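Worksheet: one structure, shown below.
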Amino acid sequence: MFIHKIDDELALKLPELKDAERIFELTDSSREYLKEWLPWVDFTAKVEDTQDFIKAGRSNFAEGKTLNAAILFEGEIVGMGGFNSISQANKAASIGYWLAPQYQGHGIMTRVVKAFTEYAFDELKLNRVEIRAAVGNRKSRSIPERLGYVEEGTIRQAEWLYDHYVDHVVYGMLAEEWHNRIKNTQQ
């Protein structure tokens, strides 16, 4: 079982099947909002789809391939985040995240992404963390920018979203950069 306390308000946990109903409820109530930027929303049509996602996520976590965590705010699941992929061969991971709209604007996701970045470098001993966001998704892009990730470029037509392609901005952080940044803020 994976559980990671971030602070007095926030924690991350590997979702269990009993969490499927809450995660599906958040997805379903945020469906139109999430569809603007995420390609999987239409494939999550019933609670069983969320249960399948949780089962696959737990299996992939056990194999060290991904880490999909429920975001707990004051003990309640409010979104999901984690490593969409982990490559031990390349010592790299890619972070993805979503938060129900009613919980946005309180710094939750910035703290979550910071915690995942620290976990990647300090616990998993990775060298690189990447975040990709659609060019037009300013909310999502502001998180790596706020945390000091380097904007590395744009991938044209990187993702198909229902009826159109979107370009992705790629942000990267290296372990050395992260640790230097932490040292500089402590001086």
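The values are calculated or read from the model by the stated rules, or taken from the named source; none is laboratory data. This one's a predicted model, so the numbers in the text were calculated from it and none came from an experiment. No Cβ is skipped: glycine too gets one built from the backbone with ideal geometry, and neighbour counts run over all protein chains shown. These area figures cover heavy atoms from the full protein model, side chains too; ligands, DNA and RNA do not enter into them. Shrake-Rupley method; radii C 1.70, N 1.55, O 1.52, S 1.80 Å.
Pair-distance distribution P(r) for the range 31-139, from all Cα-Cα distances in 10 Å bins starting at 0: 13, 43, 37, 7 percent. Only Cα sites of the range 101-187 enter the Debye sum here, all with the same form factor; the resulting log10 I(q)/I(0) across q = 0.18, 0.20, 0.26 1/Å is -0.85, -0.99, -1.27, listed in q order. Restriction of the chymotrypsin sites (Phe, Trp or Tyr not before Pro) in the range 128-187 to DSSP coil positions whose beta-carbon has at most 15 other beta-carbons within 10 angstrom yields 162. Three principal axis extents describe the C-alpha atoms of the range 1-66; from largest down they are 30, 29, 22 Å. These residues, 29, 140, go from largest to smallest accessible area, 1.4 Å probe, as 29, 140. Annotation for the range 32-69 versus the range 98-149: alpha-carbon center distance of 18 Å.
P(r) for the chain, from all Cα pairs and a bin width of 10 Å, is 9, 36, 40, 14, 1, 0 %, short bins first.
For the range 35-96, trypsin sites (Lys or Arg not before Pro) are listed when DSSP marks them as loop and at most 12 other Cβ atoms sit within 10 Å of their Cβ; the list is 46.
If you plug the beta carbon distance of residue 137 and residue 5 into 1/(1 + (r/R0)^6) with R0 = 22 Å, you get a FRET efficiency near 0.20. Label-to-label distance for residue 85 and residue 125 is 2.3 nm, based on points extended 7 Å past Cα in the beta-carbon direction.
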